[in-house]
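The values are calculated or read from the model by the stated rules, or taken from the named source; none is laboratory data. Computed from a prediction, not measured in an experiment: that's the story for all the values here. Positions of Cβ are backbone-derived with ideal geometry, glycine not excepted, and every protein chain shown enters the neighbour counts.
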Amino acid sequence: MKVVSTISEIHSARRSFTGTVGLVPTMGYLHEGHLSLIRRARDECDHVVVSIFVNPTQFGPNEDLSKYPRDLDRDLSLIKPLGTDLVWMPTAEIMYPQGYQTWVEVEKVTRPLEGAQRPGHFKGVTTVVAKLFNGVQPHRAYFGQKDAQQAAVIRQMTRDLNFPVEIVVCSIVREPDGLAMSSRNVYLDPEQRKAATILYQALSAAKELYEAGERNATKVRAKMKEVLAGEPLANVQYVSCADYDTLEELEEIKGKTLLSMAVFIGKTRLIDNFVLG
Ligand code: AMP
């Protein structure tokens, strides 16, 4: 497994590959969710490239960039046995050298949900993913459904800018009690960790309602809010029942639908979602 950092190194490593290349972009501090993406890429591509980069431009001024968890040695020891060919770990200076001034912005689909709560977040995401695509020139890139809006935004950007990359979205990997795996779960103390299962419970209750035939989106959102309100440690930022592709809030549920939420447990912001239909 080769580990590179600079642009010329990634380009020259890329040139040495023949056959299909799969890219798994991550911010490190890897868990089973990330590893499921790497395994899928390993199954489907001749070469697997994992990027590890805590991208500063997707963090807001009051977010957790400086304390985002990092453990590169552990990450490399987890990636290696999965048959990863190449790890790209650029620095912020490599990605955004002095004088940097080019940004990629997707419009409508970035506005609701995460985009409304985290101004500038998706501009940072799309810019770095475009740069990762240009560095690695993958045939396929693997993203998690955990970040549902991110996947929708990347699909849109890839279509709009004609990147010759197939976007593969992989299902959410959960802890046994339903909590979606996230690098940020380490911020939770034991009491908060227990409380954090409320997101999964709220989504499950909403899904049950849907499966019993409810199609009124307001009632489905109300069910999620009601369950979340039962957890004193949970502070809800948004609850959504939206069209899967456009992410516009629905009145009536029909077709593929995204139930999603962002909830603070203490100072830790957690997101989770289910897909219906
Ligand atoms: P991150 O390191 O948090 O930027 O995540 C890197 C990739 O892993 C993103 O495409 C995420 O959506 C994906 N991912 C994160 N958590 C999970 C999870 N629990 N299940 C599946 N994919 C995940």
Could you tell me which of the residues Gln137, Gln145, Gln150 is away from the ligand (no atom under 14 Å from the Cβ) and either touching a residue at least 60 places away in the same chain (Cβ under 8 Å) or surrounded by 20 or more Cβ atoms within 10 Å (Cβ to Cβ) (or both)? Gln137
Could you say whether any residue in the stretch 94-112 is in a loop (DSSP other than H, G, I, E, B), acidic (Asp, Glu) and surrounded by fewer than 18 Cβ atoms within 10 Å (Cβ to Cβ)? yes
Within the stretch 194-249, can you find the residues that are assigned to a loop (DSSP other than H, G, I, E, B) and farther than 20 Å from Asp147 by Cα? Ala212, Gly213, Glu214, Arg215, Gly230, Glu231, Pro232, Leu233
With the requirement that a residue be within 13 Å of Leu203 (Cβ to Cβ) and either of a type in the set (Ser, Thr, Tyr) or surrounded by fewer than 16 Cβ atoms within 10 Å (Cβ to Cβ) (or both), what does the stretch 226-274 give you? Glu226, Ser240, Thr257, Ser260
Residues that are over 27 Å from Phe59 (Cβ atoms) and not in a strand (DSSP E or B), drawn from the stretch 250-275: Leu250, Glu251, Ile253, Lys254, Gly255, Lys256
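Condition check ((1) within 16 Å of the ligand (Cβ to nearest atom); (2) out of contact with any Pro (no Cβ under 9 Å at 6 or more places or on another chain); (3) closer than 30 Å to Arg74 by Cα) across all residues:
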position	(1), (2), (3)
Ile172	yes, yes, yes
Tyr200	yes, yes, yes
Glu208	no, yes, no
Ser240	no, no, no
Test Ser77 against the stated conditions and say whether it is in a helix (DSSP H, G or I) and among the hydroxyl-bearing types (Ser, Thr, Tyr). yes
Applying the selection to the stretch 80-93, what residues are assigned to a helix (DSSP H, G or I) and within 13 Å of Ile7 (Cα to Cα)? Ala92, Glu93
Suppose the filter is closer than 26 Å to Lys254 by Cβ, buried (at least 16 other Cβ atoms within 10 Å of the Cβ) and either modelled with pLDDT of 95 or more or away from the ligand (no atom under 16 Å from the Cβ) (or both); does Lys219 pass it? no
Qualifying positions in the stretch 156-184 - without any contact (Cβ under 8 Å) to a residue 60 or more places away in the chain, assigned to a helix (DSSP H, G or I) and surrounded by fewer than 19 Cβ atoms within 10 Å (Cβ to Cβ): Arg159, Asp160
Reported set for the stretch 48-74 where residues are outside any loop (DSSP other than H, G, I, E, B) and either of a type in the set (Gly, Ala, Ser) or touching a helix residue (DSSP H, G or I) at 6+ places or on another chain (Cβ under 9 Å) (or both) is Val48, Val49, Val50, Ser51, Ile52, Pro56, Thr57, Gln58
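Rundown of residues vs (1) touching a helix residue (DSSP H, G or I) at 6+ places or on another chain (Cβ under 6 Å); (2) closer than 23 Å to Asp46 by Cα; (3) among the aromatic types (Phe, Trp, Tyr), yes/no style:
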residue: Asp160; (1), (2), (3): no, no, no
residue: Phe163; (1), (2), (3): yes, yes, yes
residue: Ser171; (1), (2), (3): yes, yes, no
residue: Asp189; (1), (2), (3): no, no, no
Quick check on my filter: what residues within the stretch 6-55 are away from the ligand (no atom under 13 Å from the Cβ), of a type in the set (A, V, I, L, M, F, W, C) and in contact (Cβ under 8 Å) with a residue 40 or more places away in the chain? Ile7, Ile10, Ala13, Phe17, Val21, Cys45, Val49
Scanning the stretch 134-155 for residues that are assigned to a helix (DSSP H, G or I), out of contact with any helix residue (DSSP H, G or I) (no Cβ under 8 Å at 6 or more places or on another chain) and under 21 Å from Ser8 (Cα atoms) gives Asn134
